[in-house]
Amino acid sequence: MRAMQLSATNGPGSLELRDIETPSPGPGEVLIDVAYAGVTFPELLQSRGQYQMRPELPYTVGSEVSGFVRELGEGVTGLSVGDRVVGVANTGAYAESIVVPAASVLPLPDAVSLSAGAGMPMNLLTADFALRVRGRLEPGQTVLIHGAAGGLGSALVQVACAFGAEVVAVVSTEEKAETVRSLGASHVVFADGFKDAVKDLFPDGVDLVADPVGGDRFTDSLRTLKTFGTLLVLGFTAGSIPEVKVNRLLLGNISVAGVGWGAALAGRPDMVVTQWETLWPHLSSGALDPAIHTVLPLERAPEALELIDSRSVRGKVVLEVRGEAGRADTNDHQG
C-alpha cells in the first residue's frame, strides 16, 4: 500500500511516498481502509522533530482518518466490516490502510461525508474536552477563542455554539472573520488590540478563554476574564510558551487550566467513546460540520503541512487517500 513516511526531521519536505506492507489488526484492533486523513499541527512539529512524541524513523505520519472497516481483530465487538468510521491513532494515518485500537474507532453519521469526517476526531474531541470537561462550559456563558479560523479554533467555535455559548472569535484577517461568522461566532475581533475590543463588548469580561496560540497574547487574555473565569491552555502555535504571575490569578479570582486531551486518554479507555456519544446529536444535526480549507491528494502531504505552517488556513486541511469510495480490492491486503 502507499504511505507517506517521515524519513528525517528536516521539515515537511522530509515526507516521502513509499510502498509498504499493509498492516494486520491484532487483538482489540481494527483495520481501516482510509478514505481521507486529517492534517494536524502536531504533524508539522513532528516533521521538524519538535513534538514530544518521537517515533523511530522512518514511520508513517498522521493521527486521524475516515474510511471503512476492513478487518476486525480478535475480541472486537460493536463494529462490522464495511462500517463507515473515523479513527484516531498516534501514527499511520497518511496511508491507504491503518490499524487503530478499537476504543478509538467511532461510527460516522450517515449525514456526514467521509471528507468532513476526517476533519473531525482530533479537533472536535479536543474542543469538547477543553470546553465541557476542563472549562465546565454552561449554556449562556461567553467564550473567547483565539486562532478561531484554524482547524482547532473552528472546532472550538462550533462546539461552543452547539453547547449554547456566546462566542467571541479572535482572527487576523477579514477573510478569516468571514469564516468564523459562518461557523456561528456572535462577535469577531482582530488579534491586534483584541483585549480592548473584548472589553468594549463585555466590560465585566468573558467566562472562558480558549487559547491554542499562546505567546504574547496570554497576559491580555487573562485581563479579559471576568471574576471566576478560566483560561484554557490548548497549545502554543505562536511558538513561545508564556508564563503567568500567579498573583494575577489570586487578585482576579481567575484560573488557568491545562488542556491535554491526549494525555488524559491514558488509563481512560472509554473516554473517546463517551465524548463521541455526547457529540453525536450535534454531528447528526449538522451543527458540528468542519470548515474544509482544501483537500489535497496523499502525495501532496508536504504541501499540506506547509499550508498549516503558513497560518493562512481557514478550517481544516484534508488528504484524499482512497476517496469517498474508500474500500480496497479484496486482493489488496498485502500492499
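Inside region 25-53, can you point out the residues that are of a type in the set (S, T, N, Q) and touching a helix residue (DSSP H, G or I) at 6+ places or on another chain (Cβ under 7 Å)? Don't jump to the end; show me each part of the working.
Taking region 25-53 and keeping what is of a type in the set (S, T, N, Q), we get 40, 46-47, 50, 52.
Across region 25-53, the qualifying residues are T40, S47.
Using beta carbons and a limit of 7 Å, which pairs, at least six apart or on different chains, have the first residue in region 49-68 and over 19 Å from G11 (Cβ atoms) and the second one open to solvent by 20 Å² or more (accessible area, probe 1.4 Å) and not in a loop (DSSP other than H, G, I, E, B)?
Every condition considered, the pairs that remain are E64/M122; F68/R84.
Just checking, how many residues over region 174-192 are over 15 Å from A155 (Cβ atoms), of a type outside the set (K, R) and either open to solvent by 50 Å² or more (accessible area, probe 1.4 Å) or under 19 Å from the mean Cα position of the chain (by Cα) (or both)?
6
Out of contact with any strand residue (DSSP E or B) (no Cβ under 9 Å at 6 or more places or on another chain) and either among the polar types (S, T, N, Q) or open to solvent by 30 Å² or more (accessible area, probe 1.4 Å) (or both), is that true of D204? Please lay out each step first, then the result.
Working: out of contact with any strand residue (DSSP E or B) (no Cβ under 9 Å at 6 or more places or on another chain): no; either among the polar types (S, T, N, Q) or open to solvent by 30 Å² or more (accessible area, probe 1.4 Å) (or both): yes.
Answer is no for this residue.
Among the residues of region 255-275, is any open to solvent by less than 30 Å² (accessible area, probe 1.4 Å) and free of Cβ contacts under 8 Å to residues at least 60 places away in the same chain?
Quick first cut of region 255-275, residues open to solvent by less than 30 Å² (accessible area, probe 1.4 Å) only: 257, 259, 261, 264, 272, 275.
With the extra rule that they be free of Cβ contacts under 8 Å to residues at least 60 places away in the same chain, the set shrinks to none.
No, every residue in region 255-275 fails to be open to solvent by less than 30 Å² (accessible area, probe 1.4 Å) and free of Cβ contacts under 8 Å to residues at least 60 places away in the same chain.
Select from region 38-52 the residues that are surrounded by 24 or more Cβ atoms within 10 Å (Cβ to Cβ) and not in a helix (DSSP H, G or I) and list them in ascending order.
From region 38-52, those surrounded by 24 or more Cβ atoms within 10 Å (Cβ to Cβ) are 38-40, 43, 46-47; that's our starting set.
Within region 38-52, G38, V39, T40 meet the criteria.
Quick one: what pairs do we get from region 119-139, first residue under 11 Å from G260 (Cα atoms) and open to solvent by 60 Å² or more (accessible area, probe 1.4 Å), second hydrophobic (A, V, I, L, M, F, W, C) and not in a helix (DSSP H, G or I), C-beta under 7 Å, 6+ apart or different chains?
R134/L232; R134/A257; R134/V259
Sort out which residues of region 236-289 are outside any helix (DSSP H, G or I) and charged (D, E, K, R), and write them in order of number. It would help to see each step written out before you state the result.
Of the residues in region 236-289, the ones outside any helix (DSSP H, G or I) are 236-245, 253-260, 266-270, 286-289.
Listed by number, the residues that qualify are E243, K245, R268, D270, D289.
Which of (1) at pLDDT below 95; (2) over 23 Å from G62 (Cβ atoms); (3) touching a Pro at 6+ places or on another chain (Cβ under 6 Å) is the odd one out, the single condition G164 does not satisfy?
Looking at each condition in turn, G164 falls short on (1).
Given A95, A111, A89, A103, which one is open to solvent by less than 20 Å² (accessible area, probe 1.4 Å), of a type in the set (A, V, I, L, M, F, W, C), touching a helix residue (DSSP H, G or I) at 6+ places or on another chain (Cβ under 9 Å) and modelled with pLDDT under 95? Quick ask: steps written out before the conclusion?
Details: A95 fails: modelled with pLDDT under 95; A111 fails: open to solvent by less than 20 Å² (accessible area, probe 1.4 Å); A103 fails: open to solvent by less than 20 Å² (accessible area, probe 1.4 Å).
Residue meeting the stated conditions: A89.
Inside region 11-37, can you point out the residues that are out of contact with any Pro (no Cβ under 7 Å at 6 or more places or on another chain), within 19 Å of A102 (Cα to Cα) and either of a type in the set (D, E, K, R) or open to solvent by less than 10 Å² (accessible area, probe 1.4 Å) (or both)? Give the derivation first.
Filtering region 11-37 for residues out of contact with any Pro (no Cβ under 7 Å at 6 or more places or on another chain) gives 11, 14, 16-27, 30, 32-37.
Of the ones still in play, those that are also within 19 Å of A102 (Cα to Cα) are 22-27, 30, 32-37.
T22, V30, I32, D33, V34, A35, A37 - these are the residues of region 11-37 that are out of contact with any Pro (no Cβ under 7 Å at 6 or more places or on another chain), within 19 Å of A102 (Cα to Cα) and either of a type in the set (D, E, K, R) or open to solvent by less than 10 Å² (accessible area, probe 1.4 Å) (or both).
If you check V318, V295, which single one turns out to be open to solvent by 50 Å² or more (accessible area, probe 1.4 Å), touching a Ser or Thr at 6+ places or on another chain (Cβ under 8 Å) and either of a type in the set (K, R) or assigned to a strand (DSSP E or B) (or both)? Before you say what the answer is, go through the steps one by one.
On the way: V318 fails: open to solvent by 50 Å² or more (accessible area, probe 1.4 Å).
One residue alone meets the criteria, V295.
Just to be sure I understand, how many residues within region 1-10 are in a loop (DSSP other than H, G, I, E, B) and either free of Cβ contacts under 8 Å to residues at least 24 places away in the same chain or surrounded by 16 or more Cβ atoms within 10 Å (Cβ to Cβ) (or both)? First the steps, then the outcome.
Quick first cut of region 1-10, residues in a loop (DSSP other than H, G, I, E, B) only: 1, 7-10.
Still in the running and either free of Cβ contacts under 8 Å to residues at least 24 places away in the same chain or surrounded by 16 or more Cβ atoms within 10 Å (Cβ to Cβ) (or both): 1.
Looking only at that region, the number is 1.
The values are calculated or read from the model by the stated rules, or taken from the named source; none is laboratory data. Just so it is clear, the structure is predicted and the values come from calculations on it, not from any experiment. Glycine also receives a Cβ, built like all others from the backbone with ideal geometry; neighbour counts cover every protein chain displayed. Heads up: the accessible areas ignore ligands, DNA and RNA and are worked out on the full protein's heavy atoms, side chains in. Shrake-Rupley method; radii C 1.70, N 1.55, O 1.52, S 1.80 Å.
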